[in-house]
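Every read-out reported here was derived from the displayed coordinates using simple, explicitly stated rules and does not represent laboratory data. Computed from a predicted structure; not experimentally measured. Cβ coordinates were reconstructed from backbone atoms using ideal geometry, including for glycine residues, and neighbour counts include every protein chain displayed.
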Amino acid sequence: MDYEAEFSRRLKGLNARQRQAVDIISGPLMVVAGPGTGKTELLAVRAANILHQTDADPSNILCLTFTDSGSANMVKRLAQIIGSTAYQVEIQTFHSFGSAIIGRFGEYFYSGAGYQPADQLTQAEILTEIMAGLSYDNPLATLNPSGQSIYLKTIQKLISDFKNSGLNPDQLEELVDQDLDFCTDIEPTINEVFTKGISKKTISKCNDLLVELRRLAAQTPSLAQAITPTLAQIMANDLAEAYATAGDDGSTKPITAFKNRWVGNSDNDTKTLKITEHCHKLKLALDIYRQYLAKMDERQLYDFNDMILRVIQAITEHPGLKATLQEQYQYVMVDEFQDTNEAQMRLLHLLTDYDDQPNLMVVGDDDQAIYRFQGADIGNIQTFTRRYPKLRQVNLQTNYRSGTAIIKLAEQVAGDITERLTNADGTPKRLVAHHSDYKCLIDWTVATSQAGEFSHVADRIKQAIDQGAKPAQIAVIARRHKSLVQLTDFLTALNIPFTYQHQQNVFDSELIKLLLNLARAVVCIAHNNITDANAYLPHIIASPAFGISGEEFYQISLDTEAQWGNWFKAIAKRQPRLISWLKEQAQRSLDSPLEVMCAELMGITGLPNDEDDWGAGRPDDPVSLAEEKYRSPIYRYYFGADKLEQDSLAYLNFLSDYTTLSQALEQYRPDRKNTLSDLLKFADRYQALNESLSSVTTYGTAEGVQLMTAHKAKGLEFETVYLIDAESEEWGSKCREKNAMIKLPPNLPLDNAGTTDDEKRRLFFVAITRAMRQLHLSSHSGQGSKELNQLEYALDYIPTTNLDEPDTPEATKELATSAFSFLLDNNLDRKSLLADRLSSYSLSASDLNAFTDLTYGGPEQFLLDRLLRLPGVQTVNQLFGTTIHTVMQSLHNYAGSEDHPGKLPPIEQTYQVFQTSFRTTSLDEATARKWSAKGRAIIDAYYEKRSESFRPNQRAELRLEAIISDGVRLNGKLDAVELDSQRHQAIITDYKTGKFFPSFSSINKDSIHAYANQLMFYKLLFESSNQYHDWQVIEGVIEFVVPDPKTGQLITPIFDYGRLADMDEFTKLVQAVYRRIVNLDFPDVSKFARSLTGTKQFERWLIEHD
């Protein structure tokens, strides 16, 4: 493809203002891009133009987005213009960028220690522990009648807000102390003005208050960490506006409104600022925040929001790191700038403060700032011009999406937003429809009930599809998920295909409920608590998985009468093997790890080769049915070999539930060995803390009508949009959010997302601007006995039609009891079901080997274990290998630090790293002691024989991502990489704990072949990555950490890429496997032998048939 011609074509395709933004390469630039104005194209062409006009390397360009899909879309768009060079441009989300920096420069983070992520429950438990230790007179120690803290959720939200602000506890406390000092200073004047109530005289007194406020504002310093003007200045500005309005017409209403916003009553019958009490609580919350950070450090844990904060801290504290990053990222572009939070803004400033005119471009639209609930700060886009007074600004106003009528409506809605760039500095925001010839249809229908509304919407959609409309080009947008769930009944009744991503609590899953009931029964039996076990046993045998017929269940129920209500004995009479198995599991649960017990209860361990033989003796097997080992039927019932084909949707739903639970349990209390009792504590804690463990499943087909919330719809466009529940109570001023128990002061605007009219208008603006040609609003005038109001934001602009009440049933409340049953369609396209997972799929070395290795199982086993992520039991060898990798990482991090380059820590410290990591695994004590001795022997060998091999120029656990030709995405984590910065050469080492081999001279064993593929994959990944695309991997090493028992030596076979590797052929294999996976094209491998020879033949076949 002629990319020069394509670039020229794209340039010519830009309108004048887009071209202006593309041509501005140097200095700060802000592009205000309304909906549908082509900002993605602009960003891609500008990146290409930088490469055309400057000597910058692609890796010198950093483009930050907010979603993985946005990042992928940007790469795809740029690749169309400049080809494979696009994959070298750093295009990442803020959090993936932070993660990449931590991965690349690990020596600057956590003192080189191997911190682990803390799951949501662990974080809540740490906070609960802290709050349980508060003194009784601490206001935040208040409990509800159930003994639970009423402030826990508030503190969790505050900590997230604090981290999004980018401020540490000391900086935040300094701000709060300044606010409290101001509150104390202004209270005397407040009492003089407002003690006797509001009258005409109060207006004149407000002048004295305004003078005092301005005096205090003038003498209050602006702190370096301040996000806004001081509290004194904010209050002064507010009073000045109220005073001016009151003076114009002599009305006291503006003064009364000011008083209601700011002034409250104290316990001693005097006036005080309302914010005073909240600031005192905020100081107490900051104490909890400090303790939380300390306990997280003590347990070597981190949470999601820590990544950006840690990067900010590291850049601030290490000038060398800052200089390195600033030298690399010479051009920075930020998409959706209105969605940045204060921490992200601080990171941008640190990356670009080398000059007051940095090469920083931001693109955004203040009218589309709808993510404040995630910490986004609209002030970043509104104050950008003040931060960079010499910046150039380009306003994109040509909308390429919607017709004129829709644009006009959107402008009318946005025009009522008060906190807007247009009102602040005159920024022109008027949109012009490029497709002025579009025939737009906008209407509004009002039903008497929600059932009538949804019935009408479904009828209209059905009619449109029957007339030729494509379902995937129709979107139904709601304010909340609940409305979409209720709508699915009406769509299903008319056989309308739809797509809906539903988030559910896994503890509500049929499968998880069964597993927990089984676990509870086992634990009760283990503690000889048969009485409590009886409460769970009926639920277990009622499950169809256990195959108890209705007649037999009835007989067992009758039998309990003779057993004094003892279900345990009654079941034992008719199902003795089941009870024997439960007793066996009960005994095993006392000392077995949680993973082993879950596998046993699920029936994952010891799977028979032929599932038809499950639970019965084979015809040629002399072992009788009574003597055969009993296995749990749960796995077979939910995940048997035929289940995916028979009921793929149910299969994927249950798999998602179990995988989500398994992954959460892996992160639960990572510093200890968990047992089956811990599973129950885990579930109970979620319930006690009112937390939800969410599993996301996509229902329907990708080609169906798209059901989504307004937040989910952002960035998308559809021919037709239906906006439902268009009532003021849902979208408008009558929509009420819960009041915060601890309000932040106005000069720390981190909370109250979605509570202002401006924020509600912005959300509505985003929703309606998704429509290209047709926009249909609908609402209902009543909900039970409650009357509802039409949404006021568009009421004056759209004529409404009132519907008669149809004869329709009320909408159901839950997806599980309504549309869920209709979604179980065996004919659903599997590829569509897995579309989300496939869209972000990235091939790893282990995935490559799993797909091609026919001795392992090949493509079919890959589908179960890798793509569908069927949970399995981790072996002792795997657990030990993970621990050894942790030890090696700690040695590399220590040797690579500035404080002790090339040195190893005291051996006792390394022993402790091993023991700490090994305790996080789920081994029983006896097994742990055995493997612990093996680990100490490995550590001894490295200190004795390999201490000089750890050098400062090595990087451990280096995470890399790359995109090679045709968009093939790769990822991997390299155990150790030795970097020669002078020659741009690297040596890759992979640690193995398995059986060693002396050399790669003969690749005739399964394991050696897999190791060779792994090292070739790492070379391809490394040399294709953004960071190291101009480097060369000259050597690959497999380092066996277990010494040769005969010689005591460590064996390190070296892979000679020049002699042993055909990288061109290997790259073809990688591309072929990737394409097979993302297309779910799994070939029949029955004609290949399940051996190394068959694997090699299969690899050749894949290349030839790609």
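Details
- Summarised as an ellipsoid, the stretch 229-282 has semi-axes of 24, 15, 6 Å, derived from the eigenvalues of the Cα gyration tensor scaled by 5 and square-rooted, with the largest first.
- Net charge dipole, the stretch 119-298: roughly 760 debye, given to the nearest 20, about the Cα centre with Cβ charges of +1 for Lys and Arg and -1 for Asp and Glu.
- Kirkwood-Stokes translational diffusion coefficient of the stretch 425-526, alpha-carbon pairs, 10 °C, 1.306 mPa s, µm²/s: 87
- In the stretch 956-1054, the trypsin sites (Lys or Arg not before Pro) that fall in loop regions by DSSP, at most 10 other Cβ within 10 Å: 983, 995, 1046
- Shown here are the Rg and Dmax of the Cα trace of the stretch 643-765, at 20.7, 58 Å.
- Within the chain, DSSP assigns beta bridges of which about 35% are antiparallel (rounded to the nearest 5).
- Semi-axis lengths, Å, the stretch 950-1106, gyration tensor of Cα atoms, sqrt of 5 times eigenvalues: 27, 22, 12
- Check: the stretch 845-1104 dipole with +1 on Lys, Arg Cβ and -1 on Asp, Glu Cβ, in debye: 580
- Local electrostatic count at residue 984 - Lys and Arg +1, Asp and Glu -1, tallied over other residues with Cβ under 15 Å: -3
- Computed about its Cα centre, the charge dipole of the chain is approximately 560 debye, with only Lys, Arg, Asp and Glu carrying charge at their Cβ.
- Calculated FRET value between residue 786 and residue 270, using beta carbons and R₀ = 35 Å, to 0.05: 0.30
- Using a simple spin-label model with pseudo-atoms 7 Å out from Cα toward Cβ, residue 1096 and residue 412 lie 7.5 nm apart.
- Sequence-distant contacts, meaning Cα pairs under 8 Å at least 6 residues apart, place the relative contact order of the stretch 461-561 at 15 percent.
- Near residue 166, the amide H atoms lying under 5 Å from its own belong to 343; only residues 5 or more places off or on other chains count, and H is placed 1.01 Å from N.
- Global size of the stretch 119-298 as Cα Rg and Dmax, reported in angstrom: 19.5, 62
- Rg/Rg_globular for the stretch 845-1104, with Rg_globular taken as 2.2 N^0.38 Å and Rg from C-alpha atoms: 1.05
- Applying the Karplus relation 6.51 cos²θ - 1.76 cosθ + 1.60 with θ = phi - 60° to the stretch 31-48 yields 3J(HN,Hα) values of 10, 8, 10, x, x, x, 9, x, 6, 5, 4, 4, 4, 5, 5, 5, 4, 5 Hz, where x marks Gly and Pro.
- Mean Cα-pair separation over length for the chain, i.e. relative contact order, pairs under 8 Å, 6 or more apart, %: 14
- Rounded if a/c under 1.5, otherwise prolate or oblate - the stretch 5-99, Cα gyration tensor axes: rounded
- Once backbone amide H atoms are built at 1.01 Å from N, residue 709 has 478 as its partners under 5 Å, excluding neighbours fewer than 5 places away on the same chain.
- Residue-count net charge about residue 363 - beta-carbon cut-off 14 Å; Lys, Arg +1, Asp, Glu -1: -2
- Efficiency of FRET from Cβ geometry, residue 971 and residue 26, R₀ 41 Å, rounded to 0.05: 0.75
- Separation of the residue 349 and residue 591 label points, Cα + 7 Å toward Cβ, nm: 5.9
- Across the stretch 57-67, rounded Karplus estimates of 3J(HN,Hα) from the backbone phi angles (6.51 cos²θ - 1.76 cosθ + 1.60, θ = phi - 60°) give 7, x, 6, 7, 9, 10, 10, 10, 10, 10, 9 Hz, Gly and Pro being marked x.
- Among 272, 256, 158 - extreme Cα towards positive end, dipole of the stretch 119-298, charges at beta-carbon: 256
- Across the stretch 850-855, rounded Karplus estimates of 3J(HN,Hα) from the backbone phi angles (6.51 cos²θ - 1.76 cosθ + 1.60, θ = phi - 60°) give 5, 6, 8, 7, 6, 5 Hz, Gly and Pro being marked x.
- Under the Debye formula (equal points on every Cα, no solvent term), log10 I(q)/I(0) of the stretch 286-432 at q = 0.09, 0.15 Å⁻¹: -0.40, -0.91
- This ranking places 201, 39, 462 by how few other beta-carbon atoms lie within 10 Å of each, fewest first, which gives 201, 462, 39.
- Net charge, residue 195 excluded, C-beta distance under 10 Å - Lys, Arg +1, Asp, Glu -1: 0
- Placed amide H near residue 843: partners under 5 Å, 5+ positions off or other chain: 969, 970, 971
- Separation of the residue 1034 and residue 432 label points, Cα + 7 Å toward Cβ, nm: 6.0
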